[in-house]
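A short worksheet on the structure shown next.
The values are calculated or read from the model by the stated rules, or taken from the named source; none is laboratory data. None of these values were measured; they are calculated from a predicted model. Cβ sites come from the backbone with ideal geometry, for glycine too, and all protein chains shown count toward neighbours.
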Amino acid sequence: MTGSGQAPLGIGMVGCGNVSSQYVAGLAGHPGVRLAACTDADPARAVALAGKTGMRALELDALFGDPDVDIVLNLTPVAIHPAVSLAAIAEGRHVHSEKPLATDRDTARAILAAADRAGVRVGCAPDTFLGSSLQTARAEVDGGRIGEPVGFSVAFVNRGPEVFHPAPAQFFGEGAGPVLDVGVYYLTALVHLLGPIRAVVAIDRVTFPEREVLVGPAAGTWFQVTVPSHVVGAIEFVSGVVGGFTMSFDAGATAAPKLELQGTAGTMVLGDPNTFDDTVRWRSRDEDTWTEAQVVGPKGLGRGIGLVDLAAGIRAGRPHRASGEFAYHVLDAMLAIGEAAATGRRIDVVSRVDRPAPLGAEA
């Protein structure tokens, strides 16, 4: 997505844990960026990743100050995201962070304000909305395939991360839970498709106050759940679209569509917005036949494409799509969902953001 005639922007990866391999794979082959350096709280992990990728393993301060690092890729645990992002900004580096941007509004706003003062950019995952599935859905919605959007249905239900992750407690503590950990993909997709959110209502519960680690070296041990693990609610968009959502780590998989849009002229069914290339299907209001939508945008993109677009935006002087402002609005809505459930009230979402531009010919 960046011009091959320009030198690539150097990426400094902070955090070499599970998700780092997905970014290495996702960034491969994009001429606008190159993996320059990496660091980790466990130096051995950084050395191992450097050996596989050709990056240089550095200490954190050395990475921030390295002249070959233009953009810091923040893959640290959720609680550390803000400190790493602010430190990188203070060194004059652009930042692309894993989600969420922060776990509270004040800190997230502080990151954006610091970047504005420093004249650097902030990007944030998820960037799956740049994949062919959600780009196809965007083209269909904008083209009037389902008429005027009226409603939506969202359902994510599974047994929880302890089934596959060796350290699942982090998914049931501050800054996590099913809404902030997984719902972020669904809300990002919906804002990309429908525009900003106006207000939310919600009810939640904790089904299992203690949960067992099922895989890895800690298997058989138990941990406390400190955030709601089953959340049901409704979202109203500024456009007037109203729909319901369920986010749960407490039950088996649902057979319902993961994401469905309803409009005055038809219905559209998408797959998992935590993936890039799921099929999009639609049917008109007066027919029973489902039709597969013609794919828009490139297939085969992976995690980090938002960072690639950030680099392209820096070069071209245009906005990047997976921006800090976009991530802030989604965070604002997710926090509002928790507040609505805690208070039993409808909570207005104060922030506003424009829909990111479709990829179009740039892809």
Please go through the range 198-219 and pick out each residue that is over 17 Å from Asp250 (Cα atoms) and either out of contact with any Asp or Glu (no Cβ under 7 Å at 6 or more places or on another chain) or aromatic (Phe, Trp, Tyr) (or both).
Val200, Val201, Val215, Gly216, Pro217, Ala218, Ala219
Tell me which of these Ala253 doesn't satisfy, since it passes every other one: (1) in contact with a strand residue (DSSP E or B) (Cβ under 7 Å, 6 or more places away or on another chain); (2) of a type in the set (A, V, I, L, M); (3) surrounded by 14 or more Cβ atoms within 10 Å (Cβ to Cβ).
(3)
Only one of (1) within 20 Å of Arg321 (Cα to Cα); (2) touching a residue at least 60 places away in the same chain (Cβ under 8 Å) does not apply to Arg34, and that is (2)
Flagged pairs (Cβ under 6 angstrom, 6 or more apart or on separate chains; first in the range 92-119, within 19 Å of Ser20 (Cβ to Cβ); second crowded, with 21+ Cβ neighbours inside 10 Å and of a type in the set (Lys, Arg)) are His94/Arg121
Considering the range 228-244 alone, what residues qualify as being of a type in the set (Gly, Ala, Ser) and either surrounded by 22 or more Cβ atoms within 10 Å (Cβ to Cβ) or closer than 16 Å to Ile347 by Cα (or both)?
Ser229, Gly233, Ala234, Gly240, Gly243, Gly244
For the range 12-33, check the following and say yes or no: at least one residue is buried (at least 22 other Cβ atoms within 10 Å of the Cβ), modelled with pLDDT of 95 or more and assigned to a loop (DSSP other than H, G, I, E, B).
yes
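Among the residues of the range 120-130, is any in contact (Cβ under 8 Å) with a residue 12 or more places away in the chain, surrounded by fewer than 21 Cβ atoms within 10 Å (Cβ to Cβ) and more than 20 Å from Val78 (Cβ to Cβ)?
yes
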With respect to Val72, determine if the residue is under 24 Å from the mean Cα position of the chain (by Cα), part of a helix (DSSP H, G or I) and assigned by TED's automatic domain parsing to the domain that holds Ala113.
no
Could you please find all residues in the range 267-319 being farther than 12 Å from Ala137 by Cα and hydroxyl-bearing (Ser, Thr, Tyr)?
Thr275, Ser284, Thr289, Thr291
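Among residues belonging to the range 147-171 that are part of a helix (DSSP H, G or I) and more than 18 Å from the chain's Cα centre (by Cα), point out the one that is surrounded by the most Cβ atoms within 10 Å (Cβ to Cβ). Outline the logic, then answer.
Of the residues in the range 147-171, the ones part of a helix (DSSP H, G or I) are 161-163, 168-171.
Narrowing the set further to residues that are more than 18 Å from the chain's Cα centre (by Cα) leaves 162-163, 168-169.
On the way: Glu162: 24, Val163: 11, Pro168: 22, Ala169: 19.
The qualifying residue surrounded by the most Cβ atoms within 10 Å (Cβ to Cβ) is Glu162.
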